[in-house]
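The values are calculated or read from the model by the stated rules, or taken from the named source; none is laboratory data. Small disclaimer: the values here were computed from a predicted structure and weren't measured. Cβ atoms come from the backbone with ideal geometry, glycine included; neighbour counts cover every protein chain shown.
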Amino acid sequence: MFQRPTYRLLDAFRLHGLDLSLGTLTDGLKQLEPLFTPLYDALVGHSQEQTFWHADETRWQVFVTVEGNAGHRWYLWVFPAADVVVFVLSPTRGRETPDAHFGDDAEGTRVVDRYSAYQAMAAVQSGTLVLAFCWAHVRRDFLRVRKGRPEHTAWADGWVARIGRLYHRSDERRNATPSRRPFRGPGRRPTSGCATTSRPCGPNATTS
């Protein structure tokens with residue numbers, strides 16, 4: 001809750017004279033869950049209508065007993081799109097979780113790392129969903145080449161420099177505002193940063 005463990009919330013409440021047990025707070029949160037379910041379902045539905053997402057997952061400790069899942073290691077998945085972010089807490093790190101969220105006929109592009117579960121997704125295997133590997137991970141590939149294959153150092157450094165220029169252009173675009181000179185890519189018309197203007201952005205954006 002509020003991105004803080006419940007025991008820290010209880011400590012904060014006690015500073016204001018409210019002394020609650022952990023069980024009371026936990027039971028109260030369980031009572032609130034059904035009220036948020038329709039909102040969560042609507043966010044999931046909106047996410048599934050998008051065509052460009054990022055995706056990632058990380059370990060998450062969940063102290064409940066689930067049949068077929070030994071221990072308390074779960075995984076928190078995140079699926080951000082242009083105007084919606086969905087979190088999914090799952091006992092598995094397999095492709096079942098993104099498959100369940102996006103379905104077998106998802107269409108679009110997803111930015112991911114090299115984790116094999118994304119490559120095994122049904123929509124990826126059928127060709128309707130395209131994976132775009134994160135530039136940060138691609139950059140690491142060239143750094144590993146430079147370290148392990150000295151004869152290819154110049155080639156690897158060239159690609160690291162190119163990716164660095166992409167980062168720089170991305171920063172310029174995000175920092176562009178209407179009060180500043182519009183961002184102009186090499187040989188392109190001026191554009192403004194989507195994050196700071198009301199103009200549509202994303203792969204399906206249109207302007208009048």
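Tallying residues that are closer than 14 Å to VAL112 by Cα and not hydrophobic (A, V, I, L, M, F, W, C) within the range 128-139 yields 2. Of the numbered criteria (1) within 19 Å of ALA82 (Cα to Cα); (2) at pLDDT 55 or above; (3) part of a loop (DSSP other than H, G, I, E, B); (4) charged (D, E, K, R), the one ARG173 fails is (3). Identification of strands (runs of 3 or more DSSP E) wholly contained in the range 36-155 with 2 or more residues that are within 30 Å of THR26 (Cα to Cα) and in contact (Cβ under 8 Å) with a residue 12 or more places away in the chain yields 56-61, 73-80, 85-90. Tell me whether the range 94-110 contains one or more residues that are aromatic (Phe, Trp, Tyr) and surrounded by fewer than 17 Cβ atoms within 10 Å (Cβ to Cβ). Within the range 94-110 (the criterion being aromatic (Phe, Trp, Tyr) and surrounded by fewer than 17 Cβ atoms within 10 Å (Cβ to Cβ)), the answer is no, since none of the residues qualifies. If you scan the range 45-86, which residues turn out to be touching a helix residue (DSSP H, G or I) at 6+ places or on another chain (Cβ under 8 Å) and crowded, with 17+ Cβ neighbours inside 10 Å? Listed by number, the residues that qualify are SER47, TRP53, ALA55, GLU57, TYR75, TRP77, PHE79, ALA81, VAL84, VAL86.
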